[in-house]
Amino acid sequence: MAVRQPKSDGIVSAAASIPPADAAALTIAVDAMGSDAAPTPEVQGAALAARAYGAHVILVGQQSRIRPLWSALPEDLRSRIEILHAEQAIGMEEKAVHAVRTKRESSLHVACRLVREGRAAGLVSAGNTGAVMACAKMILGSLPGVQRPALAAVFPTATGRASVLLDVGANVDCRPDHLAQFAVMGEIYYRVIFGADRPRVGLLSIGEEETKGNELTRESFALLRKLPLEFCGNVEGRDLYNGKSDVIVCDGFVGNVALKISEGLVETVRKLLRESLASTLAGKVGYVLSRQAYAMFRQRLDYSEYGGAPLLGVRGVVIISHGSSNPNAIKNAIRVARESHQRRVNAAIEAQLARAGDTASRSEAGRMETAHPLN
């Protein structure tokens, strides 16, 4: 069945019919009230995704603010973008759990319900990260066997091959078994999205030796090397960018600090490089060549090219983008959401965790039998 076209004004109410479930594979719900500059980046990003990927997008939020931006789009793009009205919005400064519980008709709530009901293949939000995670866990729930969902961030490396770091903020306090699950989920995500047969999995620590680190990393090391993964041992902070490991695992506190330091460093390097080029360029040809090199450098480090961080382990595709996301970031977040749904990332995670659980159960049973042999 073809995707249903919007009404003449492109507006539907929260109770109105929206694209049916068989169109969901092409439909992404976007929390249009999430970003710092909402709803402009969300509307423009949806238009870019509609043009680049043929995506169908439902913008969820206050129609009085979204409609003027939507109306300015070309007609062929408006036909792929609908507005689903939601009166409430959750601000960045609000306490996440309280806001999710009290604002049941927020744009985030309504967008999550679209995913739960099968009316959208995934959700993109550049809003309050804690609220997005709380809403996803409350409305969508976790996949079977998942103890804690994790946020995965993509980093560029010197080799040209991306690396994935998780968790980057969903869980500030973790146990070794949580990190083991993060490793499984991250490895699957990397295989499915980046096409690697055997991604290398590393554990973020303060030294390469097995004995380095704190109690969490030492116990996690012992668990990770027993998993059917290409575990390459401990990696250090500098290894985020050198391509030594494809998937890097840590608790959310350490991961978030690493992510924020990286973002700040990238912005500083960009600024310093731009200033240096401007002050040293000589001649028109050199200026053009240096500008081209700088543009290529900037694109490789541009967070907006990666769209956002997937929340792995929930029953549905959820992509959390930066609050300062621009239209390009929203466009790419929509792309990642579509790819995650089409390539069945969640089904792969669920199946792998089930196999890992069976293996662990057999190992434990064998250990108990050895310790207490039957007569």
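The values are calculated or read from the model by the stated rules, or taken from the named source; none is laboratory data. As the structure is a computational prediction, the values presented were derived from the model and not from experiment. As a convention, Cβ positions derive from the backbone with ideal geometry for all residues, glycine included, and neighbour counts pool all protein chains shown.
Tabulated values for the structure
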| item | result |
| --- | --- |
| Unmet requirement for PHE194, which otherwise passes all of (1) within 19 Å of ALA348 (Cβ to Cβ); (2) among the hydrophobic types (A, V, I, L, M, F, W, C); (3) crowded, with 20+ Cβ neighbours inside 10 Å; (4) modelled with pLDDT under 90 | (3) |
| Pairs, first free of Cβ contacts under 8 Å to residues at least 40 places away in the same chain and within 22 Å of PHE194 (Cα to Cα) in region 138-155, second surrounded by fewer than 16 Cβ atoms within 10 Å (Cβ to Cβ) and of a type in the set (Val, Ile, Thr), C-beta under 7 Å, six or more apart | none |
| Condition check for VAL249: within 26 Å of the chain's Cα centre (by Cα), surrounded by 15 or more Cβ atoms within 10 Å (Cβ to Cβ) and more than 21 Å from LEU179 (Cβ to Cβ) | no |
| Among the residues listed as VAL164, VAL146, VAL172, VAL132, the single one being within 19 Å of ASN234 (Cα to Cα) and of a type in the set (Val, Ile, Thr) | VAL164 |
| Selection count, region 238-257, where residues are in contact with a helix residue (DSSP H, G or I) (Cβ under 8 Å, 6 or more places away or on another chain) and modelled with pLDDT of 90 or more | 7 |
| Strands (runs of 3 or more DSSP E) within region 152-243 that include 3 or more residues closer than 22 Å to LEU265 by Cα | 163-166 |
| Verdict on GLY169 being crowded, with 19+ Cβ neighbours inside 10 Å, at positive phi and out of contact with any His (no Cβ under 9 Å at 6 or more places or on another chain) | yes |
| The one condition in (1) out of contact with any Pro (no Cβ under 8 Å at 6 or more places or on another chain); (2) farther than 19 Å from PRO310 by Cα; (3) buried (at least 16 other Cβ atoms within 10 Å of the Cβ) that PRO68 fails to fulfil | (3) |
| Filter result for ARG300 (in contact with a Phe, Trp or Tyr (Cβ under 9 Å, 6 or more places away or on another chain), at pLDDT 55 or above and either assigned to a helix (DSSP H, G or I) or surrounded by fewer than 19 Cβ atoms within 10 Å (Cβ to Cβ) (or both)) | no |
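Rundown of residues vs (1) without any contact (Cβ under 8 Å) to a residue 60 or more places away in the chain; (2) over 26 Å from ALA348 (Cα atoms); (3) β-branched (Val, Ile, Thr); (4) not assigned by TED's automatic domain parsing to the domain that holds LYS260, yes/no style:
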residue: THR159; (1), (2), (3), (4): no, yes, yes, no
residue: HIS178; (1), (2), (3), (4): no, no, no, no
residue: GLN181; (1), (2), (3), (4): no, no, no, no
residue: GLU215; (1), (2), (3), (4): yes, yes, no, no
residue: ARG225; (1), (2), (3), (4): yes, no, no, no
residue: PRO228; (1), (2), (3), (4): no, no, no, no
residue: LEU240; (1), (2), (3), (4): no, no, no, no
